[in-house]
Amino acid sequence: NVFVGGGSVVLPYAFRLSGWLFVPLLLAVGVLMGFTLWIMGFLLEAVDARAEEMGVPRSQRDWGLIGYAAFGNVGRLVFAGCMFFDLTGGALVLVSIVIEQLPFLLPFRHNVTAALSCILAFSCCLLPKKFFSAMAVLGMSSQVLLILGLVITGVELSSLNEVATDQTALKAAGVPSAFGIALLCFLAHSEAPLIYQMMEDRKQWTKAVIYSMTLTEAFLLTFGALGYGFFGGSVAQSIADNIGRDLELQVLPGGLNVFLGAITILGLSTKQLVTLPLLLDATTDLFG
């Protein structure tokens, strides 16, 4: 759930921006992320003894500690600053996705949904940590709904011979934006040290990285390819807006499509909002 993150809902849009050659780009980003996870585990193991001497709790042995071990306080602040902007920037992106999704569900003007989304986002950030596990379950459930909705909508479009045919191999102008979306898919990368420290046997970290990143890449590639394959140039910025709709973003006939579209947007908007506390909580110890 952590590695799938909130970026997957805009992944098909990345295919629309850059074409099918987004596949090797996403693979390259995944390999880079996997390598940095592996080397992070190696470095944290190397500084464990020093962390014990300094009395640093396991939960605070993160990227900042690696920076401190290498370059002192300057290194710690640089690492912490990068993680802070990564996490808070990602949080803003998630809120913006919610703002774009809700008009398809609620009959309000854009500025009203924007204000409502910001209020809900702030409220979610006030939730105590004891609710974090429930948030994770809600997030995974919403992701399952999205996958089911995408497959059902795609099958219906196929039966109506309305599947998009305007896919392209490469749109060079869209590659930079698509690269940003690829990075967004690994938004929780900053939380990797906490996952490492929570492992019972941290010597299994290399295997955990290989297995988790392989599954993550397989999911992201399959999901993105299906979305782009079904909708092509009609892919919305959030794939949730395509669920239960045709290539003109009009609701397909039948009550099931109305239900699928509504429950997917509602579920994913909730997922993205409840992800915010998980991201922002990680910033609280960065500069400590």
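Out of all the residues in the range 31-54, is one or more in a loop (DSSP other than H, G, I, E, B), β-branched (Val, Ile, Thr) and modelled with pLDDT under 85? Even if it seems obvious, please write down each step before you answer.
Of the range 31-54, the ones in a loop (DSSP other than H, G, I, E, B) are 47.
Of the ones still in play, those that are also β-branched (Val, Ile, Thr) are 47.
Among the residues that remain, those that are also modelled with pLDDT under 85 are: none.
No: the range 31-54 contains no residue that is in a loop (DSSP other than H, G, I, E, B), β-branched (Val, Ile, Thr) and modelled with pLDDT under 85.
For the range 62-83, does any single residue satisfy the condition of being crowded, with 19+ Cβ neighbours inside 10 Å, on the phi < 0 side of the Ramachandran plot, in contact (Cβ under 8 Å) with a residue 40 or more places away in the chain and under 17 Å from the mean Cα position of the chain (by Cα)?
yes
Residues to consider are Ala218, Ala188, Ala192; find the one that is closer than 21 Å to Trp20 by Cβ and either modelled with pLDDT of 90 or more or of a type in the set (Gly, Ala, Ser) (or both).
After ruling out the rest, the residue left standing is Ala218.
Being among the aliphatic types (A, V, I, L, M) and free of Cβ contacts under 8 Å to residues at least 60 places away in the same chain is true for just one of Val47, Val9, Val29. Which residue is that? Let's see the steps before the verdict.
On the way: Val9 fails: free of Cβ contacts under 8 Å to residues at least 60 places away in the same chain; Val29 fails: free of Cβ contacts under 8 Å to residues at least 60 places away in the same chain.
After ruling out the rest, the residue left standing is Val47.
Please enumerate the residues belonging to the range 201-244 that are in contact (Cβ under 8 Å) with a residue 60 or more places away in the chain and of a type in the set (Asp, Glu).
Matches in the range 201-244: Glu217, Asp241.
Do we have any residue at all in the range 115-127 that's modelled with pLDDT of 70 or more and closer than 21 Å to Ala236 by Cα? Steps first, answer last, please.
First, pick out the residues of the range 115-127 that are modelled with pLDDT of 70 or more: 115-127.
Pick out the ones that are also closer than 21 Å to Ala236 by Cα and you get 117.
Checked against the condition, which is being modelled with pLDDT of 70 or more and closer than 21 Å to Ala236 by Cα, the range 115-127 yields at least one hit.
Please work out which residue is nearest to Ala240 (Cα to Cα), limiting yourself to the range 101-127 and to residues that are part of a helix (DSSP H, G or I) and aliphatic (A, V, I, L, M). It would help to see each step written out before you state the result.
If we filter the range 101-127 for residues that are part of a helix (DSSP H, G or I), which is where we start, we get 101-104, 110-124.
Those still in the list that are aliphatic (A, V, I, L, M) too: 102, 112, 114-116, 119-121.
On the way: Leu102: 10, Val112: 20, Ala114: 17, Ala115: 20, Leu116: 19, Ile119: 22, Leu120: 19, Ala121: 19 Å.
Checking each candidate, the answer is Leu102.
On the given criteria, is Gly67 more than 29 Å from Phe223 (Cα to Cα) and at pLDDT 80 or above?
On the way: more than 29 Å from Phe223 (Cα to Cα): yes; at pLDDT 80 or above: yes.
So Gly67 fits the description; yes.
How many residues does the range 260-288 contain that are of a type in the set (Val, Ile, Thr), surrounded by 18 or more Cβ atoms within 10 Å (Cβ to Cβ) and at pLDDT below 80?
The total comes to 3.
For the range 239-259, which residues satisfy the criterion of being within 21 Å of the chain's Cα centre (by Cα) and either surrounded by fewer than 21 Cβ atoms within 10 Å (Cβ to Cβ) or over 12 Å from Arg16 (Cβ atoms) (or both)?
Hits for the range 239-259 are Ala240, Asp241, Ile243.
Just a yes or no: is a residue in the range 74-85 within 23 Å of Pro277 (Cβ to Cβ) and of a type in the set (A, V, I, L, M)?
yes
What pairs come up if the first residue lies in the range 259-272 and is without any contact (Cβ under 8 Å) to a residue 24 or more places away in the chain, the second is of a type in the set (Gly, Ala, Ser) and buried (at least 18 other Cβ atoms within 10 Å of the Cβ), and their beta carbons are under 8 Å apart, counting only those six or more places apart or on different chains?
If the second residue must be of a type in the set (Gly, Ala, Ser) and buried (at least 18 other Cβ atoms within 10 Å of the Cβ), the pairs left are Phe259/Gly244.
The values are calculated or read from the model by the stated rules, or taken from the named source; none is laboratory data. Everything numeric in this text was worked out from a predicted model, so none of it was measured. Methodologically, a virtual Cβ is constructed for each residue, glycine included, from the backbone with ideal geometry; neighbour enumeration extends over all protein chains shown.
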